[in-house]
1. So, Val431, is that one of a type in the set (Val, Ile, Thr) and in contact (Cβ under 8 Å) with a residue 40 or more places away in the chain or not?
2. What number of residues within the range 227-252 are under 19 Å from the mean Cα position of the chain (by Cα) and within 25 Å of Leu136 (Cα to Cα)?
3. Looking only at the range 99-116, decide whether some residue is more than 24 Å from Leu372 (Cβ to Cβ), touching a strand residue (DSSP E or B) at 6+ places or on another chain (Cβ under 6 Å) and either outside any helix (DSSP H, G or I) or not charged (D, E, K, R) (or both).
4. Would you check if Ser239 is in a helix (DSSP H, G or I), hydroxyl-bearing (Ser, Thr, Tyr) and at negative phi?
5. I want to confirm something. Restricting to the range 253-301 and keeping residues that are buried (at least 21 other Cβ atoms within 10 Å of the Cβ) and among the charged types (D, E, K, R), which single residue is farthest from the chain's Cα centre (by Cα)?
6. How do the helices (runs of 4 or more DSSP H) wholly within the range 355-463 filter down when requiring 3 or more residues that are within 16 Å of the chain's Cα centre (by Cα): which remain?
7. Tell me yes or no: at least one residue of the range 83-93 is in contact with a strand residue (DSSP E or B) (Cβ under 7 Å, 6 or more places away or on another chain) and either not assigned by TED's automatic domain parsing to the domain that holds Leu427 or not hydroxyl-bearing (Ser, Thr, Tyr) (or both).
8. So which residues in the range 205-226 are touching an Asp or Glu at 6+ places or on another chain (Cβ under 7 Å) and in a loop (DSSP other than H, G, I, E, B)?
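The values are calculated or read from the model by the stated rules, or taken from the named source; none is laboratory data. Note that this is a predicted model, so its numbers are computed, not measured. Glycine gets a Cβ as well: all are built from the backbone with ideal geometry, and neighbour counts include every protein chain shown.
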Amino acid sequence: MNDVLKNNPKNNPKNDLKIGNSSVRLIRGRFLHFLEDPFSKVDSSVDSNLESKSYQYVKHGIMLIVDGFIQEFLDCADPKHQQRIADLNEFKGFKDIPTTHYPSSHLIVPGFIDTHIHYPQTEIIASYGEQLLEWLNKYTFPTESKFADAAYAEQVANFFIEELLRNGTTTAAILGTVHKHSVDAVFAAAQQRKMRVIAGKVLMDRTGFTPDSLYESAAQGYEESKKLIQKWHGKERLSYAVTPRFAITSTEEQLRLSGKLMQEFPGVYMQTHLAENLKEVETVDSLYLRSAGYAGYLDVYDHFGLLGDKSIFAHCVHLREGELERLAASNSVISFCPSSNLFLGSGLFPFQQSVVRMGLGTDVGGGSTFSLLKTMHDAYKTAQLQHKKLSAFGSFYLATLGGARALSLDHLIGNFLPGKEADFVVLNPAVTPLQQFRLDAIKNLELHDELFGMVALGDERSVVATYVMGKNVKHDD
């Protein structure tokens, strides 16, 4: 990163701040970010030492952003930072740096990270009355067939990306359709806005479970995925994910070729679905276990080399004995999609697990919201229904640093450590009269009370601004 502002002022003459051609800005306000996992157990106390040591809460902070990266993050109340702030103020031009000062009523957090979402399903969000397999056939497949039209794919991709940003989501793992240009469209839309995203072309080749309009051969899916990887993976902030929809719609040959892509292109991701719905699990049993002798649903993916530190398995509601341990041993990732699991009646994710890397997924359009605040709310209810507690600290961790760790991106995003990309969200915890009334009624208001109010009552209206690489992309400053 270009170190425009020298970290040691003693090495520079006073009044010699050199900005040059770099883009430099200051954000001032109240900040919260996580440095560690706030819970080793889901039902850990809100006041536990583990939780309190996991985050940094700065009531009066300064974030210095240079060329889209966090150059410095300073706590005005920290004696260790006082000299640095004073030194900076002595430099010529420091006071002229464009500064946005958010009021103390607002809270600045890292950008939200959605670990599982289907952009082609945007238009069928909130579709009535079906569970997973029926829902796919009635709503999903007919809608995804419309993406044969490249212009339509581009239209939806741009709307989808704007909707993510409106909800404070700055990074997402995205599923396209079987159409190659559907992935071109969503990558192009994200690239235009300088977002960090993961996306992939859905693979479906099993006749009888794949409609004719979405069928492609395993070989065609492999070749088109390969071209997309070569075109997009590692370009700016974009990464590719090999994307077999799930074992029901893929043959063994397609899964084998998916594993081959993972071997040929180290560093690409893999995303799919696992044990979302009981009928789905039974169907996988009938297709694989009874005929080929696989040990279970996860074993099908494992057999073809699809587990690993870049492998994202959405849902995992109905895992069998030993599957959770295998996910952990392979360093694979679970995307917890509570809104979708509740909306489609799939079941309650067994939230007592803490051994597998995990992030939150909205799973639009099975999920009924783009908002990760509302998704946190559904995660809380999922835990409550199993007599567990998910604190607001745990929720915000999963949506920020936890999501970054799940996607192996925590060296780039997820908190405000210097050197990281400046993706962040400005929240108003009292954007509605009800939220303000609630906060006013709480005596000795603690941070957790404020955060939990956003978990329980927040939505896209809570998002005041969304910054991507230091630029406000929701509202212009």
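1. no
2. Residues that pass the stated criteria total 5.
3. Yes, the range 99-116 contains at least one residue that is more than 24 Å from Leu372 (Cβ to Cβ), touching a strand residue (DSSP E or B) at 6+ places or on another chain (Cβ under 6 Å) and either outside any helix (DSSP H, G or I) or not charged (D, E, K, R) (or both).
4. Here the answer is no, as Ser239 does not meet what is asked.
5. Glu280
6. Passing ranges, in order: 372-384, 392-399, 401-406.
7. Checked against the condition, which is being in contact with a strand residue (DSSP E or B) (Cβ under 7 Å, 6 or more places away or on another chain) and either not assigned by TED's automatic domain parsing to the domain that holds Leu427 or not hydroxyl-bearing (Ser, Thr, Tyr) (or both), the range 83-93 yields at least one hit.
8. If the condition is that a residue be touching an Asp or Glu at 6+ places or on another chain (Cβ under 7 Å) and in a loop (DSSP other than H, G, I, E, B), then Asp205, Tyr215, Glu216, Ser217 are the ones that fit.
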